[in-house]
Amino acid sequence: MFVKGHKKFGGWTSESKEKRKKVHEIFDEVFEEVGGKDRLVQWVNASDDNYRDFIKIMAKRIPQAVEVSDSEDNTTPININVHPDLLKV
């Protein structure tokens, strides 16, 4: 539980963020070398199971809540819910 004035434990340090960024860059390079978007599209279209797995992965990548701000710095929280039927084929 967060208590104001107490030291935060956990979270990403600048060093761990940099390492995570490097790992993402490596995966991006490998993705392109093995066929990139075209190969991913072929895999998704190859079967209903692949399509369902792809939708599950994409659903996890969508943030559950986002804050949007306008030019005057007014923020509005937006919650995103993925309907379970979207994960079915």
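For the reader, a short list of remarks on this structure follows.
- Number of the condition not met by residue 39 [criteria: (1) over 18 Å from the mean Cα position of the chain (by Cα); (2) closer than 30 Å to residue 85 by Cβ; (3) at pLDDT below 95]: (3)
- Condition check for residue 18: modelled with pLDDT of 90 or more and part of a helix (DSSP H, G or I): no
- Scanning segment 22-49 for residues that are assigned to a helix (DSSP H, G or I), among the β-branched types (Val, Ile, Thr) and surrounded by fewer than 11 Cβ atoms within 10 Å (Cβ to Cβ) turns up 23, 26, 30.
- Pair list, Cβ < 8 Å and 6+ apart or interchain, from segment 15-30 residues that are without any contact (Cβ under 8 Å) to a residue 60 or more places away in the chain to residues that are among the hydrophobic types (A, V, I, L, M, F, W, C): 20/12
The values are calculated or read from the model by the stated rules, or taken from the named source; none is laboratory data. All figures in this text were calculated on a predicted structure; none of them were measured in a lab. As a convention, Cβ positions derive from the backbone with ideal geometry for all residues, glycine included, and neighbour counts pool all protein chains shown.
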